[in-house]
Amino acid sequence: MSTPFTGAHRAIEPFADRDAESSELAIEHPIPGFADDFADVLESTTVHRSTIGCVIPAYNEEASIAGVITSLLAQTRVPDVIHVVVNNTTDQTVRVASEFAGPHEIVTDLGEQFTEVFVHDIGKNPDKKVGALNYGYSLVEGYDYLLGVDGDTLGNKRAVEYLETEAVSDSRIGGISAIYSIDTAPIKGTIAKFLIAGQRTQFAAFNLQNLLRGRNMAVLGGQFSIFSTTALRDVMKANHQRTPWVRDSEVEDSLLSLQIKSAGYLTKISPYARADVGGMTTLRAYDAQQVKWTFGAIELMWPGQRGDTKGQPLHPNLRLRWFENFGMLTNLFVRIAFITLLAGSLSINAFVFSPLWLIPVAVAVMLNLRIAMTMQDHKNSDILFAALVFPAEIFMWIRLSHFLRSWFRFLSRKKVDNWAMQAKAERGSGSSHWTPLILLLVVVAAFAVVWMLLGPVTQSAILWIGWPVVGVVTVVQTVIMIFQLLRRHQGYKV
């Protein structure tokens, strides 16, 4: 058990002008059908009628923890207490965070507020982030709400205010997530900028899907979400758990979201609260993160019992996961089949170009551009990423490699600590992210050898059957993309 560090009061400057500006824009351009109700709640309630305990699980966050605490102290609605729970760290996270420890009296747009920052170093913790979250919960379980914030996530100036206002307006809400994106300003290097552009698009598409589904959030991401402690207690009781978060799943936030929904509560995404998360700037780190997330999602989706994890294939929160995986499988089939048939056709001089094949590409570009334009802070890099075709296509191949590795790892039943794998990758170690590329080259070489061994009649028959099949699947994909392209976004910005 650690003792909180205490420190002197620190004066906190406003977090960022862009946050104040973006929150004003959100009010000036309200979302039809929601803004009026939201404004009524803002006018008829005071944000201080409930209590909020903030928990920041921190692992090697020396570079970012000061900005995270500063952004929380600059909120219009400051959490009543902030607990930084440092675990398994090997850097100076504790020292940096301790500079903020102690009481703070802060004057905000909502008046004078008081909070206190505590820093806990719980040392080596086998449950990693889950253990840190549960330790934090034990410190704030008497509060009305638990605000979970990652050690590299910066909320905009009114993020906590927006989350709390909606939470107190409806007792059915068990948790609300902010809209997540990634700030491009500190990103350096071509590869890093490319990966961040892809992740921003990925976040935007996911956020938009959840907003358009009645703002029902499939995953209350731990990056910046508020939870009703009453809902957390009900989850613990219903599932015979001593803590809200359990180590049963690789995606602890997804599992908790499912449990909150199953306990009869709503899981929502706010249309106003926004937060910038820490993106992955290297291929190996992004690969490890995505494989962990996808593997964990598959465990929750797949029927049957695996250890302490029970698959819930029909759970409402997992419908989006099924669509995502089916979409990835279709994308993989179309790309592999098209390349294989194209190479086969060229090898026997049987390929005839048809401009109809450009229609799916054009529709995909328009859909990507529309998603980019829904970003409230879209940059030139987001537009170019969507419009130039090749960046988005390369990023899709990277995502397909994660998809394949996750399913192979799941189906092989090989026991792997994906948390440790991600930590190792973020430290710059490991080379497993190259495995899909090596396997692809091996498969291509094998296909080439087999193709050359086939006779002309067999080759022609394969092409005669293969091209129509790929064509039909591509037409179906294109029709789905057209529907997505024409779908009304109801004024939402992500």
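The values are calculated or read from the model by the stated rules, or taken from the named source; none is laboratory data. This is a predicted model, so every value here is computed, not measured. No Cβ is skipped: glycine too gets one built from the backbone with ideal geometry, and neighbour counts run over all protein chains shown.
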Checked pairs for the stretch 321-348, first within 23 Å of I298 (Cβ to Cβ), second among the hydroxyl-bearing types (S, T, Y) and in a helix (DSSP H, G or I), C-beta under 6 Å and 6 or more apart or across chains, list as V334/T474
Query raised in the report: Does the stretch 287-302 contain at least one residue that is closer than 30 Å to L463 by Cβ, in a helix (DSSP H, G or I) and basic (K, R)?
Result: no
Within the stretch 362-373, residues more than 15 Å from G198 (Cα to Cα) and in contact with a helix residue (DSSP H, G or I) (Cβ under 9 Å, 6 or more places away or on another chain) come out as V363, M366
Scanning the stretch 203-227 residue by residue, the ones that are over 19 Å from G155 (Cα atoms) and in contact with a helix residue (DSSP H, G or I) (Cβ under 9 Å, 6 or more places away or on another chain) total 6
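For (1) free of Cβ contacts under 8 Å to residues at least 24 places away in the same chain; (2) in a helix (DSSP H, G or I); (3) touching an Asp or Glu at 6+ places or on another chain (Cβ under 9 Å), each residue gets a yes or a no:
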| residue | (1), (2), (3) |
| --- | --- |
| A185 | yes, no, no |
| F194 | no, yes, no |
| G198 | no, yes, no |
| T201 | no, yes, yes |
| A205 | no, yes, no |
| L208 | no, yes, no |
| G214 | yes, no, no |
| G221 | no, no, yes |
| S225 | no, no, yes |
The residue that is surrounded by the most Cβ atoms within 10 Å (Cβ to Cβ), considering only those in the stretch 386-433 that are at pLDDT below 75 and of a type in the set (A, V, I, L, M, F, W, C), is A425
Taking the stretch 111-168 and keeping residues among the β-branched types (V, I, T) and over 19 Å from W245 (Cβ atoms) leaves T115, V117, V119, V160, T165, V168
In the stretch 227-269, anything in a loop (DSSP other than H, G, I, E, B), within 16 Å of I176 (Cα to Cα) and among the aliphatic types (A, V, I, L, M) is listed as A263
Conditions (1) touching a residue at least 24 places away in the same chain (Cβ under 8 Å); (2) closer than 24 Å to L212 by Cβ; (3) not assigned by TED's automatic domain parsing to the domain that holds E166 -> P313 fails only (1)
Expected output for the stretch 290-309 (first residue more than 19 Å from F403 (Cα to Cα), partner at pLDDT below 90, Cβ below 7 Å, 6+ apart or cross-chain) is G304/G311; R306/E299; D308/D248; T309/D248; T309/S249; T309/E299
Taking the stretch 242-294 and keeping only residues that are among the aromatic types (F, W, Y) and over 14 Å from the mean Cα position of the chain (by Cα), one is left with W245, Y265, Y272
Checked against (1) crowded, with 22+ Cβ neighbours inside 10 Å; (2) more than 22 Å from S249 (Cβ to Cβ), K193 satisfies every condition except (1)
Exception for A66 within (1) surrounded by fewer than 21 Cβ atoms within 10 Å (Cβ to Cβ); (2) in a strand (DSSP E or B); (3) modelled with pLDDT of 95 or more falls at (2)
When the stretch 138-152 is checked residue by residue, the ones that are surrounded by fewer than 24 Cβ atoms within 10 Å (Cβ to Cβ) and in a loop (DSSP other than H, G, I, E, B) are E141, G142, Y143, D144, D150, D152
Selection over the stretch 349-390 where residues are touching a residue at least 40 places away in the same chain (Cβ under 8 Å) and among the β-branched types (V, I, T) yields a count of 4
For the stretch 69-99, the count of residues that are within 15 Å of L154 (Cα to Cα), among the polar types (S, T, N, Q) and touching a helix residue (DSSP H, G or I) at 6+ places or on another chain (Cβ under 9 Å) equals 3
(Q) Checking the structure you have, find out if any residue of the stretch 127-135 is touching an Asp or Glu at 6+ places or on another chain (Cβ under 7 Å) and either polar (S, T, N, Q) or assigned to a strand (DSSP E or B) (or both). (A) no
Taking the stretch 121-134 and keeping only residues that are under 19 Å from E252 (Cβ atoms), of a type outside the set (G, A, S) and touching a residue at least 60 places away in the same chain (Cβ under 8 Å), one is left with I122, D127, K128, K129, V130, L133, N134
When (1) within 30 Å of H489 (Cα to Cα); (2) surrounded by 19 or more Cβ atoms within 10 Å (Cβ to Cβ); (3) in the same structural domain as S138 (by TED's automatic domain parsing) are applied to L232, the one that fails is (1)
